[in-house]
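This report concerns only the one structure given below.
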Amino acid sequence: MKALTWIIGAIFIVLIGAAGAVRLSPVEDALFARAVERAMGPRQEGLFDGDGLKVVFCGTGSPLPSAKRAQACTAIFAGDKFFLVDIGTGSWETLQAAGVPAARLAGIFLTHFHTDHIGDLSEANLGSWIAGRAAPLSVYGPEGAGRIVGGENEAFALDSLYRTAHHGGAIAPTETAGLSAIAFDAGAPAVIFEKDGLKVTAFPVKHDPVKPAVGYRFDYRGRSVVVSGDTAYSDSLIENARGADLLIHEAQANHMVAIMRAAAAKAGNAGLANILADIPSYHTSPQDAARAANAAGAEWLVMTHLTPAPDNRAAKRIFLRGVSKIRSKNLKIAEDGMTVLLPAAGGARFGKL
């Protein structure tokens, strides 16, 4: 018994000593340096192997706040580059924290100009510029994109000058600073980008009174991804999502929104109650998103831009109530950092950054 007591005491002393050693400055610095080396080393290179399309969900929330979700953003990887569909507040940090190389950002496709879809334009602009992108960042969007880009460039013109002064032209070259708008007519489906085997088609969707509003289809090496943007149930989306490997569709649980509206009214918050009464008319319920995926013959449906954010199991059950009767398989709720790999050979693999 005494021997056991001595052994326990010795272990306790060793543990205390180890804990104390961790607090020594050289040990702390060595641990920090090791963590930094891991963080700064090559990461996420597998996303750029050119084998089919890859998707990263960088923002799956909505204007209603969620501690677990940034606002709307979907990253599409094709070949040695990636593109963003929308860039809502907080979404750029999701990508950068995961180690996605910012210099490989080749363009941003905006579905429309609500704040929760453009809030991190400046962050993506600065981050990819300082990382070494080769040209001003291309921003594609329907009519109005020029106004957004012009405003952003003016708002951050002084910041760009300061960055060049701070770091020099080799790190922050003036010729690659800022955004470049590429606007298109959103009245009918049209191919708006075609390069290195990637084809991007824009098509109109229903987000009244917001006009224009579009969705996008990405086709690359025989695989296809469609991003709905914000929309009510849309025949145009269904037509342009025909046979897609992956349909990424916004979803708003209006039965939950109705409960929130009643609570806001009871609390005396008439403004929020009115907003919550308005939004069902220009968004899609989870049930209708499932119907759209079925009608389009999409292999997989992933719901994003989730209103309200279903951040626990109970909320997810409520959010998806009735959906299984419409679509019982190949359906997921997106989470920030979720990945979908669509290899050229076929199939779909889901994971996490």
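A few remarks follow.
- Given (1) surrounded by fewer than 18 Cβ atoms within 10 Å (Cβ to Cβ); (2) over 20 Å from residue 250 (Cβ atoms), number of the condition residue 63 does not satisfy: (2)
- A Cβ distance below 6 Å, combined with a sequence gap of six or more or placement on separate chains, defines the contacts here; from the stretch 75-88, residues that are under 19 Å from residue 50 (Cα atoms) and touching a residue at least 60 places away in the same chain (Cβ under 8 Å) reach residues that are hydroxyl-bearing (Ser, Thr, Tyr) and surrounded by fewer than 23 Cβ atoms within 10 Å (Cβ to Cβ) in the pairs 78/220.
- Selection from the stretch 293-307 of residues that are surrounded by 23 or more Cβ atoms within 10 Å (Cβ to Cβ) and small (Gly, Ala, Ser): 293, 298
- Test: residue in the stretch 249-261 that is under 23 Å from residue 53 (Cα atoms), within 21 Å of the chain's Cα centre (by Cα) and not small (Gly, Ala, Ser): yes
Okay, residues lined up against (1) crowded, with 16+ Cβ neighbours inside 10 Å; (2) more than 17 Å from residue 75 (Cβ to Cβ):
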{"site": "309", "(1), (2)": "yes, yes"}
{"site": "314", "(1), (2)": "no, yes"}
{"site": "323", "(1), (2)": "yes, yes"}
{"site": "327", "(1), (2)": "yes, yes"}
{"site": "331", "(1), (2)": "yes, yes"}
{"site": "336", "(1), (2)": "yes, no"}
{"site": "339", "(1), (2)": "yes, no"}
{"site": "342", "(1), (2)": "yes, no"}
{"site": "345", "(1), (2)": "no, yes"}
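- For the stretch 272-286, the candidate set comprises residues that are part of a helix (DSSP H, G or I) and under 22 Å from the mean Cα position of the chain (by Cα); within that set, the residue that is surrounded by the most Cβ atoms within 10 Å (Cβ to Cβ) is 286.
- Of everything in the stretch 305-314 that is touching a residue at least 24 places away in the same chain (Cβ under 8 Å) and outside any loop (DSSP other than H, G, I, E, B), the residue that is farthest from residue 248 (Cα to Cα) is 307.
- If you go through the stretch 88-147 and keep only what is under 22 Å from residue 43 (Cβ atoms) and part of a loop (DSSP other than H, G, I, E, B), you end up with 90, 98, 99, 100, 101, 120, 132, 133, 134.
- Number of positions in the stretch 226-244 that are part of a helix (DSSP H, G or I) and within 16 Å of residue 191 (Cβ to Cβ): 3
- Pair list, Cβ under 6 Å, 6 or more apart: the stretch 96-113 residue polar (S, T, N, Q), other residue outside any strand (DSSP E or B) and modelled with pLDDT of 95 or more: 111/86; 111/229
- Near pairs, Cβ below 6 angstrom, 6+ apart or cross-chain, from the stretch 235-257 (on the phi > 0 side of the Ramachandran plot) to any residue that is surrounded by fewer than 24 Cβ atoms within 10 Å (Cβ to Cβ): 243/297
- Candidate set: the stretch 122-181, residues that are among the aromatic types (Phe, Trp, Tyr) and more than 18 Å from residue 88 (Cα to Cα); chosen: the one surrounded by the most Cβ atoms within 10 Å (Cβ to Cβ): 129
The values are calculated or read from the model by the stated rules, or taken from the named source; none is laboratory data. Values in this document were obtained by computation on a predicted structure and should not be read as measured data. Ideal geometry is used to build each Cβ from the backbone, glycine not excepted, and the neighbour counts take in all protein chains shown.
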